[in-house]
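The values are calculated or read from the model by the stated rules, or taken from the named source; none is laboratory data. Nothing here was measured: the structure is a model prediction, and the numbers come from that model. Cβ coordinates were reconstructed from backbone atoms using ideal geometry, including for glycine residues, and neighbour counts include every protein chain displayed. Accessible surface areas use protein heavy atoms only, side chains included; no ligands, DNA or RNA. Shrake-Rupley method; radii C 1.70, N 1.55, O 1.52, S 1.80 Å.
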Amino acid sequence: YDFDSGYTVTLAGAYRDEELKTGSDSDHGSVNFKFSGDNPNEEGFFAISGKDETDDYSLELRLDSPQEQSLRWMIGGFYFNQNIDGSDIFFSGPDFKESEEELENWAAFGSVTYDFSERLSGTVELRYMEEDKDLTEYDEVDGSRVKTYDDSDTWDSTTPRVTLDFQWTDDILVYASYAEGAKPGGFNGQDGAEVGKNTYDQEESNNFELGVKSTWLGGRVLANLAVYYTDVDKIQLTTTILNPEGAPNSIVTNQGEREVWGTEVELTW
């Protein structure tokens, strides 16, 4: 909604309700071998079938000041909620719910932009985020569903971004930016707990970018160039493990640091 005074209020929302079924037969054989014939809820050897039921929604509310002023600002809030129920699918019996996940994320953010001159402007942005996660897992024991894993935790981060824009000419813009990023941690569930790695930490990054955006020949040619550097700490990577029974599983672990250098070139005629 645009007010006569130049202020703008923006409300955005999204909703999703999804059911995803997947299945695989790793040995590609025609025989569905089972270890025990008296358990109708036992999957065939090398066969995996599952179902994920996901529903989530998000809301964002933002207030922007008049954009024609030399000092401009924006404040806002964000909320996201997600629930995932994971089940095993059996052809000879009812679906077995093996996991329940809930994620709740909220954030407050804002920015301030100031025009130091007709050609030079700067922007400072800040975002605070909290994410709560809950994971419960179940297994079947003697025909009954038994809780095998239950955990919850909270991750938070404060991430700034600073940008300088210099309009060198009417057709050439030079910019520089610094930003910090965070990817919340999470749970590996029972598979991770069996090897002492039931959780993994938040991944964090520092990002630098320097670039030029330009147009030539009366706007018929667009030429953009950017160079960037990213320093990442506590990298989250998928890791293969062996549980105590010797079966391989995949979990997420933090694997030190990494550096990323890159260049991007865009040309349009």
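Quickly estimate the mean residue ellipticity at 222 nm for the chain, helices only: each DSSP H run with n ≥ 4 gives -39500 (n - 2.57), and the total goes over all residues, rounded to 500.
Dividing the helical sum by the residues of the chain leaves -500 deg cm²/dmol.
Taking amide H positions as placed in the peptide plane 1.01 Å from N, state which residues far from residue 120 in sequence (5 or more) or on other chains have amide H under 5 Å from it.
Residues meeting the amide H criterion: 167.
Answer with one residue from 148, 89, 129: the one whose Cα lies farthest towards the positive end of the charge dipole of the stretch 88-155, charges on Cβ with Lys, Arg +1 and Asp, Glu -1.
With unit charges placed on the Cβ atoms, the residue in question is 129.
Evaluate the stretch 47-196: find the radius of gyration of its Cα atoms, find its Kirkwood radius, and give the ratio Rg to Rh.
Across the stretch 47-196, the Cα-based Rg/Rh ratio is 1.21.
Here are a few candidate values for P(r) over Cα pairs in 10 Å bins from 0, in percent: [x] 6, 27, 35, 23, 8, 1; [y] 6, 18, 25, 22, 15, 10, 5, 1; [z] 5, 24, 32, 23, 11, 4, 1, 0. Which one was actually calculated from the structure I just gave you?
Only one option fits the structure, namely [y].
Once Rh is set to the Kirkwood radius over Cα pairs, what Stokes-Einstein translational diffusion coefficient, in µm²/s, holds for the stretch 123-269 at a temperature of 20 °C and a viscosity of 1.002 mPa s?
D, rounded to a whole number, is 112 µm²/s.
Is there a quick way to get the dipole size of the chain? I mean about its Cα centre, with the Cβ of Lys and Arg at +1 and of Asp and Glu at -1; what is the value in debye to the nearest 20?
It works out to roughly 1160 debye.
Accessible area of residue 116, 1.4 Å probe, to the nearest 10 Å²?
In the full protein context, residue 116 sits at about 120 Å².
Of 149, 228, 15, which has the most accessible area and how do the rest follow, probe 1.4 Å?
Largest accessible area first, the residues go 15, 228, 149.
Report the charge-dipole magnitude of the stretch 130-269 in Debye, nearest 20, computed about the Cα centre from +1 at each Lys and Arg Cβ and -1 at each Asp and Glu Cβ.
My answer is approximately 680 debye.
Could you let me know the centre-to-centre spacing of the stretch 176-252 and the stretch 79-135, using Cα atoms, in angstrom?
Cα centroid to Cα centroid, the span is 15 Å.
Over the alpha carbons of the stretch 177-260, what is the largest minus smallest coordinate on each principal axis, giving the biggest first in Å?
69, 22, 17
Excluding residue 18 itself, what net charge comes from residues whose Cβ is under 13 Å from its Cβ, given Lys and Arg +1 and Asp and Glu -1?
Local charge sum for residue 18: -4.
With every protein chain left in place and a probe of 1.4 Å, what is the accessible surface of residue 133, to the nearest 10 Å²?
40 Å²
Using a 1.4 angstrom probe on the protein heavy atoms only, could you order 269, 216 from most to least accessible area?
Correct descending sequence by accessible area is 269, 216.
Given the protein chains as shown and a 1.4 Å probe, how many square angstrom of residue 9 are accessible, to the nearest 10?
50 Å²
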